[in-house]
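Data block below; observations after.
The values are calculated or read from the model by the stated rules, or taken from the named source; none is laboratory data. Bear in mind the structure is a predicted one, so any value in this text is a computation, not a measurement. No Cβ is skipped: glycine too gets one built from the backbone with ideal geometry, and neighbour counts run over all protein chains shown. Protein only, heavy atoms only, side chains kept; ligands, DNA and RNA dropped before computing areas. Shrake-Rupley method; radii C 1.70, N 1.55, O 1.52, S 1.80 Å.
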Amino acid sequence: MKKILYIIFTMLFSLALIRCDHFEEMNQDPTKSTDMDPNLMLSNIQLQLSGGQFEQLRNGFIYSGEWMQHWTGEYSTTEFGGKGVRSDQYMSALWISQYPREVKNVVDMVERTKDDPTQSNINAVSRIMKVYIFSRLTDLYGDIPYFGAGKGYYDRVFTPAYDRQEDIYNDFFIELDAAVKALDPSKDVITEDFYYNGDIARWKKFGNSLRLRLAMRLTKVNINKAQTEAEAAIALGVMQSNADMAVMKHINVAWEGGTFGGNGTSYAFMNTSTTADESVFRMCSTFADYMIDTGDPRLTIFGRSYLKESNRPTDVTDLVYDELGSYHEMALPPSTFSWEASQLGTPIIIDVNGETVELTKLYQCLQPSRYIAAIDAPYIMMSYAEVELWMAEAAFRSWTTGRTAQEHFSTALQAGVNQMSTYGAPDVSASVVTDFVNDNPLVNGQELEQINTQLWINFALNGQEAYANWRRSGFPAIVYPNRDPGVNQSNGQIPRRMQYPQEELDYNTASVNEAIQRMPEATDSWLNRVWWDAE
Amino acid sequence: MLLPMQLAWAQDSPITISGKITSADDNQPLPGASIVIKGTISGTVSDAEGKYSIKAEPGSVLVFSFVGMDSQEILTGTQTTIDVVMISNATNLGEVIITALGIERNKREIGYSVSELSGDQVSTAQEVNVINSLSGKVAGVDISTTTAGPTGSSRVVIRGNSSLAGNNQPLYIIDGVPMDNSDMGEGAGMWGGYDMGNGAANLNPNDIESISVLKGASASALYGARASHGVIMITTKSGKGQKGLGVEFTSNYTVEKVLSKFDDYQTTYGMGRDGELPTIDNAETTQVAWGAKLDPSISVPIYNGELKPFGVVNDNILSFFRPGSTATNTLSLSGGSDKASVRVSLSDLRNKDIVPNTGLQRNTFLINTSVTLGEKLTISGKANYINERVNNRPALSDNPNNVGLALLGIAPNFDQQWLSKGYKDKTGNYVDWNGGNIYRINPYWSINEIENESLKHRLMGYLQLNYDFTDWLSLQLRGGTDYTNFRYTNFSPRGTPTRDTGSLDEIINTVSENNYEALLRFNRKLADDLTLNVYTGGNIMYYRREQFSNTGLDIVLEDIHPITNFTRQRSGYAFYEKQINSLYGSAQLGYKDTYYLEGTFRNDWSSTLRKGMNSYFYPSVSGSLVFSNLLPDQRFLSFGKLRASWAEVGGDTDPYQLNLTYGLLDFSLLDKPLGQISNTSIPNRDLKPTQTYSYELGTELHFLDGRIRIDATYYNSRTVDQILALKIPSTSGYNAAIINAGEITNKGVELSLSATPVSTSYDLKWDVMVNYTRNINEVKELHEQVKTYELSAARWAGAVIQAKEGNAYGVIVGRKLKRDDEGNIIHNAAGLPMATGAEDQAVLGNGVHKWMMGISNTISYKGFSLSALVDIKVGADIYSMSNALAHQNGTAEATLEGREAWYASEEARLAAGVSEESWIPTGGYIGKGVVNTGTSDEPVYVENTKPVNPQDYWGSLLENSPEPFIYDASYAKLREVTLSYNIPSKVFTSTPFQSISVSFVARNLFLLYSNIPNVDPESGYNNGNGQGFEYGSIPSRRSYGLSLNVKF
């Protein structure tokens, strides 16, 4: 019995020895770091910016894209964008995906590196990325939380105020200027960079080119500021060739609901499938017709007709064209459901490798080509052609660019065709490019229309940018088919912005209401214009 | 064999039998116990010393009964003395009950409310998940299940929701050792998921001796913060009291069938759009019933190109489900002596769910043993091993594999069986059946091609030493564990929509909770009338959860699916641990068996809070007065007690809430790692412990010798400084901020009335029990910056469930339809209803029931016993997205109105060659309500007369406001019916059998009352705090069958 007592007291004693000293250590998640190299976050931000099917479909295609009439046919794009029906779910997609993801991380990168001379390059790169991210947000929504956004941890601001777009734009220029000037090849190395592999010189050009894009946004609201900023950007050095383009690389991987490496635009085109037998989209006749008119060799690089087969293996574009004799017939009118295609044309019979195949109208139509809709297609964040088009407009406005508007325009057309090889499309022969350029000189009195319509072509896979520049420039002149007036919620017009997300009204009530008060009739309407979109 | 013996006895003359009846609780004699010869009216009653004497023929059966005690039946032989020790009946008064820390106490002493159920009450009409059997049986306890059925979890809330971030579920203690009740997966949310079941679901009902429910903070204060939502204490059967070898065999077999029906389903129009017959281009409108009028003489193409008649198909949806079945067999052996006891049980459960290919198999093994060495030392231990395999858990909510969602919109002309053939083409590819909606997979693909499987190994047990220093001082040391290993795989073959290259998800969870406890007990009579019990002890709780996850994409060999058969793999690892060290104690004073006072304290040190904040102390005090002892002896009020208690409980939080941390995504891209901040909530270094203050007042009254028993409680609790992840706008960068905030109050009453209106010596007995619970909840305060807390969201359907300042917990919030002053819905010029602006969010309902009632009646006659339980819950609302879609898809009956007129109008328009804009429709659906003919400032409302396409009307409704689809979720269910027959022991006297009983059992037999069409009001898709959403529910199940119990 003594033995047992001894055991009991030994156990009691050892219980007493267990103290709480190791609690601090125990409460540190062993799978997480407390100080991550910010370079590792850059790669993630770059992936997420073009890898998300969620916001690409909802904002890129359902609204912006459907209105810009590059592509149509898919159910929700026609039902909501095509008919002008509001959906908080779709309007809010970019906002609710990017604030807690890209914004959170880029703000953290900037905050953690801001006063550290050994991290000045990654700080500058972060600031350029931050401007890129916020510019897409403010262009779509208008006044948004900017200065206090993403600061929930650093400043404990849970409900950030809404900043005026003008103030945001002013800060964009300050930030880009400072960031570009801080970039220095002799300083810290940018290690995890998909766009430029850490090439500081090209980061500078990207920063300046972005500044040029944002400067051009202001032509309606503040032409002087637009000129000053555009000229400053050009003077500091913008992109000079297709090699300077900011391109995100993607891989062919099955979609799982978030960003996993594939191209978000392609997931949207292919209804998230890597092996789909067809795309759910068709080229819109507005887009096809303009390229037909200008003899644009990109037409059949953007769009191809395929048989409905696994992985769309059989390309029948030429056979269909031979039968119909018109690419216009191989496109769907804007705001059309794909199932309505059969009412718009009759089936044709073609001969495919000796087999007779009947093709309904739907399969006569051009689908997003295998090049641009491949899940591993690269995504062009900003192209050299775009930069030359901005400079063409700047030169047309007699701002200092160093070359004439025509020179910029020609260069832009050439670069625009050649950049299709980024997608792995076969090279367009130099003579075809030259003919295309020569056939499309700037025409007196139509320069702005030509330049901005080319920007619209350039943004065929970036509906949001096309939509922003359309609002600014008014080109191309798009006719919105108010196909279902009974359900239309936009007065039969293309709306001018996206409304604020429901969660802001629920959880950031005072701030968002302040922003709404600044709008016409104090109403958060998608018919209201953002600041730079002056009437 | 039996007959000659009975004849032999019948010839014997009666002999006199005498003896003494005592109570097992205190070895005191029991006066007034009744002794009846079974099957006769002759009997007697024991005297003041518990003695009795009766004349009986040898071979007759004597029935000994006493209020509050289990009746006993003893077969007489030639003996003339039969002493009987009566054991208290756990469900009745005067019993010894088990309170916190496993301390057995007489119920009369206790100053707070405790309810107890016997094992029979949860094992006769058993469920796969034993916790569901508590439903309606205990006042104050709200049990809800998910639409997942037998493989799913259940939600138990005691005395209302008080926590925003925690799960509001009670702590489970099994044989004194805390059990892990966590979910094995995240459950289903807005975008779908699977219910992986929770811990309490694994127990074998036949192993349960009793269940004690400690409801208030005073009862559970000694268990600390985890018990602040109450405690469910389960005691398993042991071999105690069994002399020699006892063998028991129990077998249950039940059949499960679909309970809910599609009772709002039109059978006039078929698949298609705009009143037109489906064409080959439009043949995938399987889930759209806006087509032409049904006409069985017409044939139309369906998704796979086949032609089918366009007529009504009866039972076209629910025929998908099969009859399910559950077979449970339990064998137990028990034995013991004065010094030792052991019980071993083995069980096997096989369940086939109503969802084809879904099933569960569970084996349990339990050994309970105790041995006393010498005089002072007792060693006891338990090991309970559970092995549970679940095949094809049903996907829930918005998961593309949810068969409920896929079946939901099927048009009346379409037989779901047509989906079973041709859902894949010759090369095995998925065939589109619903117009490219990849988020609703063909249900036959879901059940036949997609496979999920889980296997759980679980070990619960303890080792315990008790050492009695003296007869008033003893020490108990115990180490207990609950260890679970859970592996889950979900395989989708190539071609599965959204998983088109094939995928495998694999999760391995290892969860363990270990508790080491020391308890010193002091128990002494200080004076004749004064007793003192003191307990003091300490506990170390260590919890650990580890998760390995793997996702494989791009399958190589189609016929096998280990993770290595996928070219792309992503793996994850998560780890979570916490520790709480505690010291606690309790002192109870009793005076004259009439006055009782108890005080407790506990101090916790938690690893989840930072130094300086992580130690917190909390006390409780309770008292009771058995006032009937002060009254002169009288029959009317046989027992009366008042009780009162007050308690404070502190609480900690989850680990890793204090610091900002960074992690990598579980894949890299082109050899680059992808980093990010890993917190989705803003961390907070300065968290304080949460505090809950509560008090309760109660009374227990027994009238007419216990024939009528009333237990009433009023409680009031207030929780402050809650640690929670406050939903904040994502513009802050985060979805939530970890803060101390909020004040939530719950007050309510619990009434429990039991009565025995009839009890005759003819063995006829009628027992009634009624439980009533009313809880009033208010979210008093949240946070200075944010006034609402999101509990659950279905944003794609325009609603969220929130805790909102000034409202009751769990309100359903969304946009309302615009109405004029008279409450008429305002339509726009196009004739469609308008919703209020997005900024005007209104409370549309509440997902928590206001009151609940359980009514049970038991009638026993001779060996028969018939019992029925009706479970009533009233006052909650549910947003039925299934019904919203039924309207949008045109399957609801309301969508018929105006179709014919609209199609006629369209025909006339086309004949006239007029465009839609310039045509004035001659008919259609006319929205009920008004239209504004004035200005927005000076509105003039006149009745809306604009006919619209019903398809547009019902389509626009869901886009605008959830309001029309929020239903009253009140219901009354016939929850349980049992009819048991104890075969008289004389039938098998000379056999080894000691008792045999056979029962007909049924659960969830009928919905007696419900206000929701098509779905069962009990159709939540998860067990989380945000109750009140229903979407794509699998039909609820009714079960009935037989149960056999044999003792050797």
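Name every residue in region A:363-385 that is in a helix (DSSP H, G or I) and under 24 Å from A:Gln53 (Cα atoms), in order of residue number. Hits for region A:363-385 are A:Arg370, A:Tyr371, A:Ile372, A:Ala373.
What about B:Gly538, is it assigned to a strand (DSSP E or B), crowded, with 21+ Cβ neighbours inside 10 Å and modelled with pLDDT of 90 or more?
Numbers: assigned to a strand (DSSP E or B): yes; crowded, with 21+ Cβ neighbours inside 10 Å: no; modelled with pLDDT of 90 or more: yes.
No, not satisfied.
Sort out which residues of region A:346-364 are open to solvent by less than 80 Å² (accessible area, probe 1.4 Å) and either aliphatic (A, V, I, L, M) or at positive phi (or both), and write them in order of number. Those that are open to solvent by less than 80 Å² (accessible area, probe 1.4 Å) and either aliphatic (A, V, I, L, M) or at positive phi (or both): A:Ile348, A:Ile350, A:Val352, A:Gly354, A:Val357, A:Leu359, A:Leu362.
If you go through region A:490-510 and keep only what is surrounded by fewer than 20 Cβ atoms within 10 Å (Cβ to Cβ) and within 16 Å of A:Ile62 (Cα to Cα), you end up with A:Ser490, A:Gln493, A:Arg496. Mind listing just one residue for me: the one in region B:487-502 that is on the phi > 0 side of the Ramachandran plot and modelled with pLDDT under 90 and, of those, farthest from the other protein chains (Cβ to nearest Cβ)? Across region B:487-502, the extreme among qualifying residues is B:Gly495.
Of B:Ala799, B:Ala829, all but one fail to be farther than 30 Å from B:Glu976 by Cα, of a type in the set (A, V, I, L, M, F, W, C) and under 26 Å from the mean Cα position of the chain (by Cα); the exception is B:Ala799.
Has region A:84-103 got any residue that is more than 10 Å from every other protein chain (Cβ to nearest Cβ), under 29 Å from A:Ala182 (Cα atoms) and free of Cβ contacts under 8 Å to residues at least 60 places away in the same chain? No.
Taking region B:712-765 as the range and being at pLDDT below 90, open to solvent by less than 30 Å² (accessible area, probe 1.4 Å) and among the acidic types (Asp, Glu) as the test, no residue passes. Of all residues in region A:167-204, those satisfying the criterion of being open to solvent by 50 Å² or more (accessible area, probe 1.4 Å) and either without any contact (Cβ under 8 Å) to a residue 60 or more places away in the chain or part of a helix (DSSP H, G or I) (or both) are A:Asp167, A:Asn170, A:Ile174, A:Lys181, A:Pro185, A:Ser186, A:Asn197, A:Asp199, A:Ala201, A:Arg202, A:Lys204.
Checked against (1) more than 7 Å from every other protein chain (Cβ to nearest Cβ); (2) open to solvent by less than 80 Å² (accessible area, probe 1.4 Å); (3) in a loop (DSSP other than H, G, I, E, B); (4) at pLDDT below 65, A:Arg19 meets all criteria but (2).
Can you tell me how many residues within region B:668-702 are in a strand (DSSP E or B) and either within 11 Å of chain A (Cβ to nearest Cβ) or open to solvent by 40 Å² or more (accessible area, probe 1.4 Å) (or both)? Result for region B:668-702: 10. Cβ-Cβ contacts under 9 Å between residues 6 or more apart (or on different chains), taken from a first residue in region A:490-502 that is within 13 Å of chain B (Cβ to nearest Cβ) and at positive phi to a second residue that is open to solvent by 20 Å² or more (accessible area, probe 1.4 Å) and of a type outside the set (Gly, Ala, Ser), are listed as A:Asn491/A:Asn482; A:Asn491/A:Leu527; A:Gly492/A:Tyr480; A:Gly492/A:Asn482; A:Gly492/A:Pro485.
Among residues belonging to region A:149-166 that are more than 13 Å from chain B (Cβ to nearest Cβ) and open to solvent by 70 Å² or more (accessible area, probe 1.4 Å), point out the one that is nearest to A:Leu210 (Cα to Cα). Checking each candidate, the answer is A:Glu166. Summed over region A:205-225, the residues that are open to solvent by 10 Å² or more (accessible area, probe 1.4 Å) and farther than 10 Å from A:Leu176 by Cβ give a count of 8. Could you list, in sequence order, the residues of region B:771-811 that are under 22 Å from B:Thr719 (Cα atoms), part of a strand (DSSP E or B) and within 13 Å of chain A (Cβ to nearest Cβ)? The answer is B:Thr788, B:Tyr789, B:Glu790, B:Leu791, B:Ile801, B:Gln802, B:Ala803, B:Lys804, B:Val811.
Okay, residues lined up against (1) basic (Lys, Arg); (2) open to solvent by 40 Å² or more (accessible area, probe 1.4 Å); (3) within 16 Å of B:Gly436 (Cα to Cα):
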| position | (1), (2), (3) |
| --- | --- |
| A:Thr275 | no, yes, yes |
| A:Tyr290 | no, yes, no |
| A:Asp296 | no, no, no |
| A:Tyr306 | no, no, no |
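Return the residues of region A:394-446 that are within 19 Å of A:Val238 (Cα to Cα), free of Cβ contacts under 8 Å to residues at least 40 places away in the same chain and over 27 Å from the mean Cα position of the chain (by Cα); say none if nothing qualifies. Give the steps one after another, and end with the answer.
Taking region A:394-446 first, the residues within 19 Å of A:Val238 (Cα to Cα) are A:394-416, A:418-419.
Next, from what is left, pick out any that are free of Cβ contacts under 8 Å to residues at least 40 places away in the same chain: A:395, A:398, A:403-404, A:406-408, A:410-411, A:414.
Residues satisfying the conditions are A:Ser398, A:Arg403, A:Thr404, A:Gln406, A:Glu407.
Residues in region B:608-630 that are out of contact with any strand residue (DSSP E or B) (no Cβ under 7 Å at 6 or more places or on another chain) and more than 14 Å from chain A (Cβ to nearest Cβ): 2 in all.
When region B:317-350 is examined, which residues are found to be part of a loop (DSSP other than H, G, I, E, B) and within 20 Å of B:Arg1003 (Cβ to Cβ)? Lay out the reasoning, then the answer.
Taking region B:317-350 first, the residues part of a loop (DSSP other than H, G, I, E, B) are B:317, B:321-323, B:337-339.
Within region B:317-350, B:Phe321, B:Arg322, B:Pro323 meet the criteria.
A single entry from A:Asp289, A:Asp296 fulfils the requirement of being assigned to a helix (DSSP H, G or I) and in contact (Cβ under 8 Å) with a residue 40 or more places away in the chain: A:Asp289. Of the residues making up region B:464-486, just one is open to solvent by 50 Å² or more (accessible area, probe 1.4 Å) and modelled with pLDDT of 95 or more, namely B:Tyr483. The number of residues in region B:440-483 being of a type in the set (S, T, N, Q) and within 14 Å of chain A (Cβ to nearest Cβ) comes to 5. Candidates B:Lys376, B:Lys382, B:Lys352: the one that is over 21 Å from B:Pro150 (Cα atoms) and away from every other protein chain (no Cβ under 14 Å) is B:Lys382. Taking each residue of region A:245-257 that is farther than 27 Å from A:Trp203 by Cβ and within 7 Å of chain B (Cβ to nearest Cβ) and looking for partners that are open to solvent by 10 Å² or more (accessible area, probe 1.4 Å) and in a loop (DSSP other than H, G, I, E, B) with beta-carbon atoms closer than 6 Å, six or more apart or interchain, yields A:Val253/A:Phe260; A:Ala254/A:Thr274. On inspection, A:Val437 does not qualify as in contact with a helix residue (DSSP H, G or I) (Cβ under 8 Å, 6 or more places away or on another chain), open to solvent by 40 Å² or more (accessible area, probe 1.4 Å) and more than 12 Å from every other protein chain (Cβ to nearest Cβ).
Kindly indicate which of B:Glu558, B:Glu546 is more than 34 Å from the chain's Cα centre (by Cα) and either open to solvent by 20 Å² or more (accessible area, probe 1.4 Å) or within 14 Å of chain A (Cβ to nearest Cβ) (or both). Steps first, please.
Working: B:Glu546 fails: more than 34 Å from the chain's Cα centre (by Cα).
When all the criteria are applied, what remains is B:Glu558.
For region B:958-990, a residue qualifies if it is touching a Leu at 6+ places or on another chain (Cβ under 9 Å) and part of a strand (DSSP E or B), and the qualifying residues are B:Ile966, B:Tyr971, B:Ala972, B:Lys973, B:Leu974, B:Arg975, B:Glu976, B:Val977, B:Thr978, B:Leu979, B:Ser980.
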